[in-house]
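The values are calculated or read from the model by the stated rules, or taken from the named source; none is laboratory data. Keep in mind it's a predicted model, so treat the numbers as computed, not measured. Don't worry about glycine lacking a Cβ; one is built from the backbone with ideal geometry, like all the others, and counts go over all protein chains shown. When the accessible area is computed, the model is the full protein with side chains, heavy atoms only, and any ligands, DNA or RNA have been set aside. Shrake-Rupley method; radii C 1.70, N 1.55, O 1.52, S 1.80 Å.
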Amino acid sequence: MSTLDDDVGGFAAILALCRRWHALCLADPVAAHPFEHQLHAQHDERLAAYLSQALGGAPLYTAGYGDESSMQRLHAGNGVHVALDEACLALFDRALA
């Protein structure tokens, strides 16, 4: 039985999506803000590991980076940013296309 991770092409395809999304965000005046600062040097790889695992792939994120709680703590407490969230989601849709 295949997983969603398998169906979308696995880690390599998700990593390509993350890299495309990151590039689109950097080029957007609204979405660029969180990507312009000190991101982890392997942010795209970490995000791809997280998404791949969430879609049923290998436990790459929890094996190498932390658990769901640690990921939530990294991104919590920054307040509500409606315009930023909407811009990032629209760019994620573009990256998927």
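If you take the residues in the stretch 29-38 that are open to solvent by 60 Å² or more (accessible area, probe 1.4 Å) and free of Cβ contacts under 8 Å to residues at least 12 places away in the same chain, which one is farthest from residue 82 (Cα to Cα)?
Checked the stretch 29-38; the qualifying residue farthest from residue 82 (Cα to Cα) is 38.
I'd like to verify a number: residues in the stretch 69-97 that are part of a helix (DSSP H, G or I) and over 21 Å from residue 27 (Cβ atoms), how many?
Residues meeting the conditions: 7.
Only one residue in 66, 57 is part of a loop (DSSP other than H, G, I, E, B) and in contact with a Phe, Trp or Tyr (Cβ under 9 Å, 6 or more places away or on another chain). Which one?
57
Can you name the residue in the stretch 69-81 that is free of Cβ contacts under 8 Å to residues at least 12 places away in the same chain and open to solvent by less than 90 Å² (accessible area, probe 1.4 Å) and, of all such residues, is farthest from residue 32 (Cα to Cα)?
Among residues in the stretch 69-81 that are free of Cβ contacts under 8 Å to residues at least 12 places away in the same chain and open to solvent by less than 90 Å² (accessible area, probe 1.4 Å), the one farthest from residue 32 (Cα to Cα) is 69.
Is it true that some residue in the stretch 18-28 is part of a helix (DSSP H, G or I), in contact (Cβ under 8 Å) with a residue 12 or more places away in the chain, open to solvent by 50 Å² or more (accessible area, probe 1.4 Å) and farther than 25 Å from residue 86 by Cβ?
Looking for residues that are part of a helix (DSSP H, G or I), in contact (Cβ under 8 Å) with a residue 12 or more places away in the chain, open to solvent by 50 Å² or more (accessible area, probe 1.4 Å) and farther than 25 Å from residue 86 by Cβ, one finds none in the stretch 18-28, hence no.
Any residue in the stretch 84-92 that is at pLDDT 95 or above and open to solvent by 80 Å² or more (accessible area, probe 1.4 Å)?
Checking the stretch 84-92: at least one residue is at pLDDT 95 or above and open to solvent by 80 Å² or more (accessible area, probe 1.4 Å).
From the residues in the stretch 43-68 that are farther than 22 Å from residue 24 by Cα and among the hydroxyl-bearing types (Ser, Thr, Tyr), which one is surrounded by the fewest Cβ atoms within 10 Å (Cβ to Cβ)?
Once the filter is applied, the top-ranked residue is 62.
In the stretch 1-16, what residues are open to solvent by 30 Å² or more (accessible area, probe 1.4 Å), among the hydrophobic types (A, V, I, L, M, F, W, C) and touching a residue at least 24 places away in the same chain (Cβ under 8 Å)?
Hits for the stretch 1-16 are 4, 8, 11.
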